[in-house]
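Nothing in this text is a laboratory measurement; each read-out follows from the coordinates by a stated rule. None of these values were measured; they are calculated from a predicted model. Heads up, the Cβs are rebuilt from the backbone with ideal geometry, glycines too, and the neighbour counts pull from every protein chain shown.
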Amino acid sequence: MRSYFASTPNWTYSGKSLGNQMKQNTYEDCCAQCSKRPNCEAITWFRKTCQCHLYSSVGSSGKPHTFADSGRRLGNTIVTSSVTTASTYKGN
C-alpha cells in the first residue's frame, strides 16, 4: 500500500507527535515511515539533520522553516504489479 502526501516545502508542523524523531535520509523515506502507521497524518523532515517527525494530528498549525519540508497524508492506494509472460516464437 502506498500513501500520498501533499508537500509543503520550507514549512514545519507542530502538533500531536507520534513519539521520538528518527533519522531518515530523504523526505520520501520519512513519508514511507508515516505510511507504515495508520494513525500518522503528517510529517516534517529536516534537510540539514535528516530528522523525521511523525504526527497524528496537526490541525492548521505550523510555521515557515528554511531547512524543513512537511507533508500531509492524503490517503492510501493499493499498488499491484502485473506479470507479463512471453512465449518463444519458433519461426519457419
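Observations, loosely collected:
- Between residue 66 and residue 50, the modelled label-to-label distance comes to 2.2 nm, taking each label 7 Å out from Cα in the direction of the beta carbon.
- Projected label distance in nm at residue 39 and residue 20, using a 7 Å step from Cα toward the beta-carbon: 1.8
- Measuring nothing but how far apart in sequence close Cα pairs (under 8 Å, 6+ apart) lie, relative to its length, region 1-48 scores a relative contact order of 42 percent.
- Cα gyration tensor, region 1-44 - rounded (a/c under 1.5), prolate or oblate: rounded
- Separation of the residue 28 and residue 10 label points, Cα + 7 Å toward Cβ, nm: 2.4
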